[in-house]
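*Asks:* First, the structure itself, so that you have it in front of you.
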Amino acid sequence: MKSKILEFKTIGDERGCLIALELGHNVPFDVKRVYYIFNTKKGVRRGFHAHKNLKQLAICTRGSCKFLIDDGTSQQTFNLTTPNHGLYIEGLVWREMFDFSDDCVLMVLADAHYDEKDYIRNYQEFSNLVKERK
Ligand code: TYD
């Protein structure tokens, strides 16, 4: 599966809305970690890394942001604007997040614990690894 938007069912009634994320149903991997990015300052761009091996699901539970995915050949920018959309990310891709709204809460589910050794924070190194893996 390449990076793509997964759509979640919103259960709504007169009280408001609820979305359930369930492993094996609408989350396509075993979740080991959840983190969220919030209070992002104006104009901040973050990410600037790839992972050697990590599956992630990024959801703007509140507000909006943009998520750039670069596979070393082409780039795609996803506009995350609603809590019923999740960006599924896997494989060797470079990530950048930007245009955070003031109220943005970007929640990310991942299939592994935090491990700095899994990060590639240098674009040239990322680009070389993409060529090696081809
Ligand atoms: P960083 O990798 O700079 O965030 P991003 O590239 O996604 O914008 O992470 C900021 C700090 O938080 C850095 O010191 C590592 C730490 N961190 C954790 O301890 N656990 C985590 O799960 C993540 C994603 C980051």
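The values are calculated or read from the model by the stated rules, or taken from the named source; none is laboratory data. Note that the coordinates shown come from a computational prediction; the quantities given were computed from them, not determined experimentally. All Cβ positions, even for glycine, are placed from backbone atoms using ideal geometry, and neighbour counts span all protein chains on display. Ligands, DNA and RNA are stripped out before the accessible areas are found, and what is left, the full protein with its side chains, is counted by its heavy atoms. Shrake-Rupley method; radii C 1.70, N 1.55, O 1.52, S 1.80 Å.
*Asks:* Loop-only trypsin sites (Lys or Arg not before Pro) in region 91-126, please: DSSP not H, G, I, E or B, and at most 14 other Cβ atoms within 10 Å.
*Replies:* On the way: sites: ARG95, LYS117, ARG121; in loops: ARG121.
Those satisfying the criteria are ARG121.
*Asks:* Treating only the Cβ atoms of Lys and Arg (+1) and Asp and Glu (-1) as charged, compute the dipole magnitude of the chain about its Cα centre; round to the nearest 20 debye. Could you put the intermediate results ahead of the total?
*Replies:* Details: 20 positive and 18 negative charges, 68 e Å.
Value, rounded to 20: 320 debye.
*Asks:* Just the Cα atoms of region 1-52: what Rg and Dmax do they give in Å?
*Replies:* 15.4, 45
*Asks:* In degrees from 0 to 90, rounded to the nearest 10, what is the angle of the helix 123-133 Cα long axis to the longest principal axis of the chain?
*Replies:* Tilt of helix 123-133: around 80 degrees.
*Asks:* Specify the residue with the greatest mean-square fluctuation among VAL34, VAL93, VAL44, computed from a Gaussian network of the chain linking alpha-carbon atoms under 10 Å apart.
*Replies:* VAL44
*Asks:* Could I ask something else about it? Name the residue farthest towards the positive end of the dipole of region 20-134 from the options ILE37, SER127, PHE78, assuming +1 on Cβ of Lys and Arg, -1 on Cβ of Asp and Glu, about the Cα centre.
*Replies:* Sorting the options by dipole projection puts first SER127.
*Asks:* Counting only C-alpha contacts under 8 Å and six or more residues apart, can you give the relative contact order of region 56-134 as a whole percent?
*Replies:* On the way: 136 pairs, mean separation 29.9, N = 79.
Relative contact order comes out at 38 percent.
*Asks:* Leaving out ligands, DNA and RNA, and with a 1.4 Å probe, what % of the accessible surface on region 77-134 is carbon or sulfur? Numbers along the way, then the final one.
*Replies:* On the way: 1510 of 3010 Å².
So the carbon and sulfur contribution to the accessible surface is 50 percent.
*Asks:* GNM on the chain, C-alpha springs below 10 Å: top fluctuator among ASP70, ASP115, ASP102?
*Replies:* Comparing ASP70, ASP115, ASP102 in the GNM, the peak value goes to ASP115.
*Asks:* What are the semi-axes of the equivalent ellipsoid for the chain, taken as the square roots of 5 times the Cα gyration tensor eigenvalues, largest first, in whole Å? Working shown, then result.
*Replies:* Working: eigenvalues 137, 61, 33 Å².
Sorted largest first and rounded, they come to 26, 17, 13 Å.
*Asks:* For TYR36, TYR88, write out the residues from largest to smallest accessible area, computed with a 1.4 angstrom probe and no ligands counted. Write down the numbers at each step before the final one.
*Replies:* Details: TYR36 135, TYR88 5 Å².
From most exposed to least exposed: TYR36, TYR88.
*Asks:* Counting only the heavy atoms of the protein chains, how much of PHE48 is accessible to a 1.4 Å probe, in Å² to the nearest 10?
*Replies:* 80 Å²
*Asks:* In addition: Can you tell me the relative contact order of the chain? Whole percent, Cα pairs under 8 Å, sequence separation 6 or more. Walk me through the intermediate numbers first.
*Replies:* Details: 301 pairs, mean separation 45.7, N = 134.
The value is 34 percent.
*Asks:* Still on this structure: Would you mind working out the accessible area per residue for the chain, using a 1.4 Å probe, and quoting it in Å²? Each step should come with its number before you reach the end.
*Replies:* Values: 8100 Å² over 134 residues.
Per-residue accessible area for the chain comes out at 60 Å².
*Asks:* I want to check a number: in the chain, how many lysine pairs have alpha carbons closer than 21 Å, given a sequence separation of 8 or more or different chains?
*Replies:* Lysine pairs meeting the criterion: 23.
*Asks:* Within 10 Å of each candidate Cβ there may be at most 16 other Cβ atoms; applying that plus a DSSP loop requirement, which GluC sites (Glu not before Pro) in region 1-80 survive? Working shown, then result.
*Replies:* Numbers: sites: GLU7, GLU14, GLU22; in loops: GLU14, GLU22.
Those that pass, being in a loop and sparsely packed, are GLU14, GLU22.
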